[in-house]
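Below you'll find the structure, written out as structure tokens, and then a few comments.
The values are calculated or read from the model by the stated rules, or taken from the named source; none is laboratory data. Fair warning: this is a prediction, and the values are worked out from it, not measured in the lab. FYI the Cβ positions are ideal-geometry reconstructions off the backbone, even for glycines, and counts take in every protein chain you see.
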């Protein structure tokens with residue numbers, strides 16, 4: 001196997017059309033990933049927000065993390081055996097696959113959101129309540145925005161894991177990029193396997209870059225610290241930083257009048 | 001007016017308020033530990049009432065019960081005649097300014113957005129809230145250009161100013177302040193205190209102020225409530241009375257040393273005949289300095305403001321700022337007896353410098369001349385003629 005054979009595989013027009021073409025497999029793979037993440041977020045956001053906000057049932061987060069140790073492939077077969085006979089369509093395999101992937105996605109999402117809310121400055125939370133925000137307002141206007149950086153790193157790590165693990169859907173006769181790996185293994189077509197792996201890796205990298213861009217856009221500069229750097233360099237250019245702050249400059253003793 | 005009537009807070013019962021309040025006042029979560037014990041107290045409208053005491057005296061718990069961050073075990077707290085327990089809790093809190101030790105600014109919002117918080121909660125439209133916020137940012141002594149910065153870009157003192165502006169944004173009649181100036185360095189703290197007093201003289205809010213620093217309490221309070229461990233009110237009095245007449249050993253010990261001297265802060269400087277002081281201007285020649293014929297000569301600036309003493313023998317060519325003695329303080333004609341005495345004691349020549357309200361030199365006075373005024377005041381006070389708290393603020 002040489003780079004040339006890999007190149008030949010990718011440039012073969014047959015790979016770019018039809019049901020087993022790259023575009024279709026990619027679309028299937030993305031669909032599994034998207035469905036998984038949406039369901040995962042629907043579970044993790046309310047649960048993580050509730051645990052973080054109230055500080056109750058923290059063991060849920062620890063418990064969810066322990067679930068990461070369960071082997072995905074084994075779980076997939078187990079769930080398929082139980083669920084499969086109950087459903088009379090393609091969903092018999094789709095549902096178990098999604099269940100397994102969701103179980104994989106929830107722990108990082110949950111820990112991210114929970115840890116993000118947990119790390120909010122207690123003084124900010126106290127001030128928010130003391131100014132008359134309701135619990136819901138404290139959560140949505142202070143805690144969640146402040147939790148965004150950690151929540152998004154949870155999302156990034158969940159996305160990477162789901163994209164990588166969605167390949168196992170192919171082992172229960174579903175589509176996605178995993179087909180190249182499973183079929184390649186079955187027919188000893190190692191070039192196909194390598195090319196499938198490359199596709200998965202590239203997809204994961206692209207998704208991660210997109211999420212990094214989202215993070216940059218969505219997180220307040222006050223938290224990410226980006227604006228701090230910007231403002232400092234701007235002020236030092238105009239010489240503002242070198243000038244002592246008139247507000248905080250100590251007064252000299254000889255001009256101070258101690259009235260008390 | 002904030003009124004406490006028989007208010008008790010005992011930790012360990014079902015509703016023990018926030019964990020924060022508990023850890024600060026509870027003493028390690030003892031079952032049934034009393035943080036505040038049968039407190040009856042009135043914080044009068046338009047005045048600053050300071051709660052002061054050692055750790056574990058329940059001062060923060062007391063404050064936090066007013067806006068129901070902590071629920072009292074028994075007793076009632078009313079604000080301007082309304083029982084707080086009967087009010088909607090969000091409405092209650094939005095009607096009170098709340099300032100805490102570490103400011104508690106929202107890190108993801110700019111300064112102006114932080115200040116707009118309560119008006120926005122009350123449904124004031126964005127533009128109006130923003131205009132009000134900008135006005136307050138300037139009012140607390142911040143550069144309007146800071147409005148677009150984030151809290152992380154501000155110093156501790158600046159953050160605390162934003163905290164005060166944010167508490168004032170909805171123009172609440174009542175302010176609750178929990179050690180707002182404790183986390184900044186002493187120089188900044190004094191500035192914040194002075195500006196706080198200036199602001200209060202303009203706004204006349206009803207303020208409940210918690211501190212562990214007796215000097216701060218005496219400086220800021222119209223009346224000071226000293227609490228002892230276990231949340232028992234030891235003494236409630238104007239600061240001058242507290243210094244002059246502590247009710248027991250605990251208060252005397254807590255108020256500290258130098259009480260007699262510090263009490264002079266509350267005695268307005270009487271009209272004393274000041275001595276005219278020969279002066280030289282900055283930049284005067286050595287001959288001009290020696291012509292005064294005194295070992296220490298007072299230098300003044302262009303506007304006639306005293307800038308410092310200079311030792312005649314040390315002047316070779318002309319009087320420069322480098323040669324000025326830095327130790328002397330300047331008293332004001334409208335200041336206190338303490339400032340007057342301090343000016344005399346700190347002056348290298350023994351002659352205390354007194355300036356008018358415009359900052360110009362009026363004259364000098366020696367400690368020996370101040371002491372009779374102090375003695376005269378004692379005689380008058382004993383006869384009950386000088387009102388307590390003849391404040392000089």
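Okay, here's what the table says:
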item: Condition check for residue B:91: surrounded by fewer than 19 Cβ atoms within 10 Å (Cβ to Cβ), within 24 Å of the chain's Cα centre (by Cα) and modelled with pLDDT of 90 or more; result: no
item: Sole exception among (1) crowded, with 22+ Cβ neighbours inside 10 Å; (2) modelled with pLDDT under 90 for residue B:215, by number; result: (1)
item: All helices (runs of 4 or more DSSP H) inside the range A:37-131 with 3 or more residues being away from every other protein chain (no Cβ under 14 Å); result: A:59-66, A:72-83, A:91-118
item: Matching option when the condition is within 12 Å of chain A (Cβ to nearest Cβ) and touching a helix residue (DSSP H, G or I) at 6+ places or on another chain (Cβ under 7 Å), among B:91, B:138; result: B:138
item: Hey, residue B:301 more than 29 Å from residue B:377 (Cβ to Cβ) and crowded, with 16+ Cβ neighbours inside 10 Å or not; result: yes
item: Every residue from the range A:17-36 that is part of a helix (DSSP H, G or I) and either at pLDDT below 85 or closer than 12 Å to residue A:177 by Cα (or both); result: A:22, A:23, A:24, A:25, A:26, A:27, A:28, A:29, A:30, A:31, A:32, A:33
item: Flag for residue B:165 being farther than 30 Å from residue B:228 by Cβ, assigned by TED's automatic domain parsing to the domain that holds residue B:48, crowded, with 22+ Cβ neighbours inside 10 Å and touching a residue at least 60 places away in the same chain (Cβ under 8 Å); result: no
item: Flag for residue B:65 being assigned to a loop (DSSP other than H, G, I, E, B), surrounded by 17 or more Cβ atoms within 10 Å (Cβ to Cβ) and over 21 Å from the mean Cα position of the chain (by Cα); result: no
item: Residues that are surrounded by 22 or more Cβ atoms within 10 Å (Cβ to Cβ) and at the interface with chain A (Cβ under 7 Å from one of its Cβ atoms), drawn from the range B:304-328; result: B:307, B:308, B:328
item: Filter result (under 17 Å from residue B:2 (Cβ atoms) and more than 13 Å from chain A (Cβ to nearest Cβ)) within the range B:213-240; result: B:222, B:223, B:224, B:225, B:227, B:231, B:233, B:236
item: Subset tally (residues that are within 10 Å of chain A (Cβ to nearest Cβ) and either touching a strand residue (DSSP E or B) at 6+ places or on another chain (Cβ under 7 Å) or more than 29 Å from residue B:129 (Cβ to Cβ) (or both)) for the range B:173-212; result: 6
item: Residue under evaluation residue B:243, criteria (1) under 18 Å from residue B:103 (Cα atoms); (2) over 14 Å from the mean Cα position of the chain (by Cα); (3) crowded, with 21+ Cβ neighbours inside 10 Å, criterion not met; result: (1)
item: Matching entry among A:171, A:151, A:157 (being under 27 Å from residue A:82 (Cα atoms) and assigned to a helix (DSSP H, G or I)); result: A:171
item: Hits in the range A:182-223 (condition: part of a helix (DSSP H, G or I), surrounded by 17 or more Cβ atoms within 10 Å (Cβ to Cβ) and either within 14 Å of another protein chain (Cβ to nearest Cβ) or on the phi > 0 side of the Ramachandran plot (or both)); result: A:215, A:221, A:222, A:223
item: Residue identified as more than 16 Å from the chain's Cα centre (by Cα) and in the same structural domain as residue B:104 (by TED's automatic domain parsing) among B:223, B:191, B:235; result: B:235
item: Some residue of the range B:253-260 being within 14 Å of another protein chain (Cβ to nearest Cβ), surrounded by 15 or more Cβ atoms within 10 Å (Cβ to Cβ), within 30 Å of residue B:331 (Cα to Cα) and touching a strand residue (DSSP E or B) at 6+ places or on another chain (Cβ under 9 Å); result: no
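For (1) out of contact with any helix residue (DSSP H, G or I) (no Cβ under 9 Å at 6 or more places or on another chain); (2) surrounded by 18 or more Cβ atoms within 10 Å (Cβ to Cβ); (3) at pLDDT below 90, each residue gets a yes or a no:
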residue	(1), (2), (3)
B:220	no, yes, no
B:225	no, yes, no
B:233	yes, yes, no
B:264	no, yes, yes
B:269	no, yes, yes
B:278	no, no, yes
B:281	no, no, yes
B:290	no, no, yes
B:294	no, no, yes
